[in-house]
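Undergrad: Structure incoming, see below.
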Amino acid sequence: MIGRKLAHYLIREKLGTGGMGEVYLAEDTKLARNVALKVLPPELAAHPDRRERFHREAKAVAALNHPNIVTLYSVEETEGVLFLTLELVEGETLREKIDREPLPMEQVLEIGAQIGEALARAHAAGILHRDLKPHNVMVTAEGRAKLLDFGLAKFLAPAASDPESATMARETSPGMTLGTAGYMAPEQALGKDVDARADLFALGVVLYEMATGKSPFRGETLAAFFDSLLHDAPASPLSLNPTLPSDLVRVIERALEKEPKRRYASAGELVSELRGAAAEKPRTRRLSIAVLPFRDLSPERDQDYFCQGLSEELINTLAAIPGLRVLARTSAFALQGQGLDVREIGRRLRADTVLEGSVRKSGRRLRITTQLVDAAEGHMLWSKKFDRDLDDVFSVQDEIAETVASELQTELGLARERSDARRASNLEAYDAYLRGLFAMNRWTEDWVERAMGSFEQAVAKDPGYALAHAAIAECLVWFYSGIGIRSARETIPRAREAVAKALALGPELPEPHKVQGLIAMNHDWDRKAAEEHFARAIELNPSSADARVWNAWRLSLLEGSYEEALSELRVAEELDPLDLKIKTQIGYVYYFLRNLDRAEAQLRSVVAIDPHFAFAHYGLGDVHAQQGRYAEALSELEESVRLGGSSVNHLSILSYVNGLAGRAEEARRFIAEIRSRSARGYASPIWSAVAHLGLGEVDAAFEWLDRAFEEKDGSLILIAASPEFDPLRGDPRFRALLERLGLGKRKNY
């Protein structure tokens, strides 16, 4: 074939041979560029099934558009030769890279994440790869991974199982070499129907090889190999490479589970954990604990709020133990009611121990049963039962926390600092506070209103209840800068008063310091005060993922320190690994960095975990708008509205994108709706500014930005980082506004 011309492609060099064809470097004489030709040999082209499989690969690759997947230019047939024209990827295969030298850990994590992102894109399009292996991954000199060879790809049927699946698996297994068989999932080797989790198993094998240089399964013959695959547990990656970060080990081990249901549910979830793996340096050993929501065993089943509140209070109490990493409530509570084995819970939450329990309330009598379980082995460390009067609930909390500390003390020498400021003086106030927590954790307008009422009731019952005062302040700040339905004039003075009371009653509590940081950041635009308050909140509770998220927001918006922000979010993600808000915020930091491809990949990984998470769809709408992909942006934003409701900021960004897309009439319709809402109640002025920017109406945008400044709009700090405001950055009025906000000397501006 060398020197032969197929249509206008002059074949220069043979690059390789695979089961589905030969690959050549060729010159496209029409466009004067080099391409790769994948040619189906005549002896294979004579078989209809081989031709069909060749066309299947073309359809699979053509359906995908992703920076980590090879680009298909065309499928052609000339002079009886069937071939694909593909992007020429210059570099080396991952197989060559692994065989040549050990990979630095940063490359293992980055290449693994890129392959995972390619799989996430393919799976989202309904395509399984089914032949992922290092031979089918090219790595460029710049370190970009490109997934090749979709010859065994399968298009997923949306409802029923595809009868082709078992046939295809059986058809490809016997003729495979040991190297290829080494990447098959157990269910694929058995000829069963497969889904996306088979590709994730293959990725687990690839990660294992990159991390250790060895294969997880071995056998001198194909039969011996399959016996190892189906029955043997692979050696721990740590036994082959003791320097591996524990987070990466967990990812590999979960991806290599023999039962598909025990693997990751999606490529996006796996990528998210890979991105969060800390490979920079070995970390000192810290025990970790997850407190699950206690189960309500009361006859009336009406104590759900009490059970969740008791668990949350235990989380906060245990967080005061130095050296103990306490998983945040979002992740711990996310697994409620799923019937998962405690070892699976520990692995998903990256927790060494799990505290679980139940509450049975009858009249004024309580029975609280608790048990602490070793998450790695699944065995119980201790179990205890408390039969008490309802008034003794505070002492029970203390006793549970002290028992946990005592159990863990032998390993780390843990000691707990007790704070009486966390407790109410009477049961009615405590009950109202727990009801408020239960409501506030839903973070919608109606539920925050209910939470506010409960916290006010708690303060009325106990004016010295510091936590209730702090919670009132946080509700008010949320009304102001979170939901954006009340003005600063209405909320901030009262929030300051409430937080001052909380600090006077409990200066060692982290909650009021966090609220002070929010006020300093969103209302006062005081960079130094915001930094100090968040630092104090984190110092008092290093396990607070929430405080770290807000500190990352400060680093991004007030300081322009994006890498520091990402580092803080990675810590938050470790503390709260199932919280999708944290994963979405990571996407937004990449958005602020104008790294739109990375932002899109991160947000898509969130949607892959939960397609119903509105915030991630909103983020994708923002990203696509800056990419000029307006139809996709509108589609994502409309999905966000469908899932999460239509707030003023939703109307604003819909107007903005319609304006950019040249749909001025539709953009003005959304602006009119914003005006209508403003007439009925408070609406943040900044969102009107964004809407006018979509239409290119710069003067109108500045009018609304000036109004936002006068009203101390809680979202105004977004202008320092968000790309929507890039058209204004050369205008002296914008520089003057940044100076008035105290952000004129912000880094990375």
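Undergrad: For the range 249-277, how many residues meet the condition of being under 17 Å from the mean Cα position of the chain (by Cα), at pLDDT 90 or above and more than 23 Å from P611 (Cβ to Cβ)?
TA: 0
Undergrad: Quick check on this structure: which one of D195, D247, D199 is buried (at least 24 other Cβ atoms within 10 Å of the Cβ), in contact (Cβ under 8 Å) with a residue 60 or more places away in the chain, among the acidic types (D, E) and assigned by TED's automatic domain parsing to the domain that holds M105?
TA: Answer to the selection: D199.
Undergrad: If you don't mind, another one. What residue, among those in the range 341-359 that are in contact (Cβ under 8 Å) with a residue 40 or more places away in the chain and among the β-branched types (V, I, T), is farthest from D247 (Cα to Cα)?
TA: By that ranking, first place goes to V359.
Undergrad: From (1) under 24 Å from V326 (Cα atoms); (2) touching a helix residue (DSSP H, G or I) at 6+ places or on another chain (Cβ under 7 Å); (3) touching a residue at least 24 places away in the same chain (Cβ under 8 Å); (4) of a type outside the set (A, V, I, L, M), pick out the condition that doesn't hold for P542.
TA: It fails just one condition, (2).
Undergrad: Can you find a residue in the range 702-723 that is within 16 Å of L660 (Cα to Cα), part of a helix (DSSP H, G or I), without any contact (Cβ under 8 Å) to a residue 60 or more places away in the chain and of a type outside the set (K, R)?
TA: No; the residues of the range 702-723 include none that is within 16 Å of L660 (Cα to Cα), part of a helix (DSSP H, G or I), without any contact (Cβ under 8 Å) to a residue 60 or more places away in the chain and of a type outside the set (K, R).
Undergrad: Go through the range 39-156 and tell me which helices (runs of 4 or more DSSP H), entirely inside it, have 2 or more residues that are of a type in the set (V, I, T).
TA: 105-124
Undergrad: While we're on this one: From T85, T93, T71, T78, which residue is of a type in the set (S, T, Y) and within 21 Å of V205 (Cβ to Cβ)?
TA: Of the residues listed, the single one that is of a type in the set (S, T, Y) and within 21 Å of V205 (Cβ to Cβ) is T93.
Undergrad: When the residues of the range 161-190 are narrowed to those that are small (G, A, S), crowded, with 17+ Cβ neighbours inside 10 Å and part of a loop (DSSP other than H, G, I, E, B), which ends up modelled with the highest pLDDT?
TA: Once the filter is applied, the top-ranked residue is A185.
Undergrad: Here is a further query. Quick check on my filter: what residues within the range 331-351 are assigned to a loop (DSSP other than H, G, I, E, B) and either modelled with pLDDT under 80 or surrounded by fewer than 21 Cβ atoms within 10 Å (Cβ to Cβ) (or both)?
TA: Correct list: L335, Q336, G337, Q338, G339, L340, D341, R350.
Undergrad: For A631, indicate whether it is hydrophobic (A, V, I, L, M, F, W, C), touching a Ser or Thr at 6+ places or on another chain (Cβ under 8 Å) and over 27 Å from V477 (Cα atoms).
TA: no
Undergrad: Return the residue satisfying two criteria in turn: it lies in the range 122-137 and is closer than 30 Å to A32 by Cα and surrounded by 21 or more Cβ atoms within 10 Å (Cβ to Cβ), and of such residues it is modelled with the lowest pLDDT.
TA: Checked the range 122-137; the qualifying residue modelled with the lowest pLDDT is N136.
Undergrad: Residue by residue through the range 693-735, note down the ones that are over 19 Å from S481 (Cα atoms), loosely packed, with under 13 Cβ neighbours inside 10 Å and over 34 Å from the mean Cα position of the chain (by Cα).
TA: Correct list: D699, G730, P732.
Undergrad: Looking at the structure I just gave you, is G644 more than 25 Å from I315 (Cα to Cα), in contact with a helix residue (DSSP H, G or I) (Cβ under 8 Å, 6 or more places away or on another chain), surrounded by 24 or more Cβ atoms within 10 Å (Cβ to Cβ) and not aromatic (F, W, Y)?
TA: No.
Undergrad: Now for a different question. Condition check: among the polar types (S, T, N, Q), without any contact (Cβ under 8 Å) to a residue 60 or more places away in the chain and surrounded by fewer than 22 Cβ atoms within 10 Å (Cβ to Cβ). Does S688 satisfy that?
TA: Spelling it out, it is not the case that S688 is among the polar types (S, T, N, Q), without any contact (Cβ under 8 Å) to a residue 60 or more places away in the chain and surrounded by fewer than 22 Cβ atoms within 10 Å (Cβ to Cβ).
Undergrad: Further question on the same structure: Answer with yes or no whether L654 is within 26 Å of the chain's Cα centre (by Cα) and surrounded by 15 or more Cβ atoms within 10 Å (Cβ to Cβ).
TA: Considered against the rule, which asks whether it is within 26 Å of the chain's Cα centre (by Cα) and surrounded by 15 or more Cβ atoms within 10 Å (Cβ to Cβ), L654 comes out as yes.
Undergrad: Answer yes or no: is there a residue in the range 98-121 that is under 25 Å from R598 (Cβ atoms) and either at pLDDT below 85 or among the hydroxyl-bearing types (S, T, Y) (or both).
TA: no
Undergrad: Kindly indicate the residue of the range 567-601 that is modelled with pLDDT of 90 or more and within 8 Å of the chain's Cα centre (by Cα) and also surrounded by the fewest Cβ atoms within 10 Å (Cβ to Cβ) among those meeting that condition.
TA: Per the criteria, the residue is T584.
The values are calculated or read from the model by the stated rules, or taken from the named source; none is laboratory data. Being a predicted model, the structure only gives us computed values, none of them experimental. As a convention, Cβ positions derive from the backbone with ideal geometry for all residues, glycine included, and neighbour counts pool all protein chains shown.
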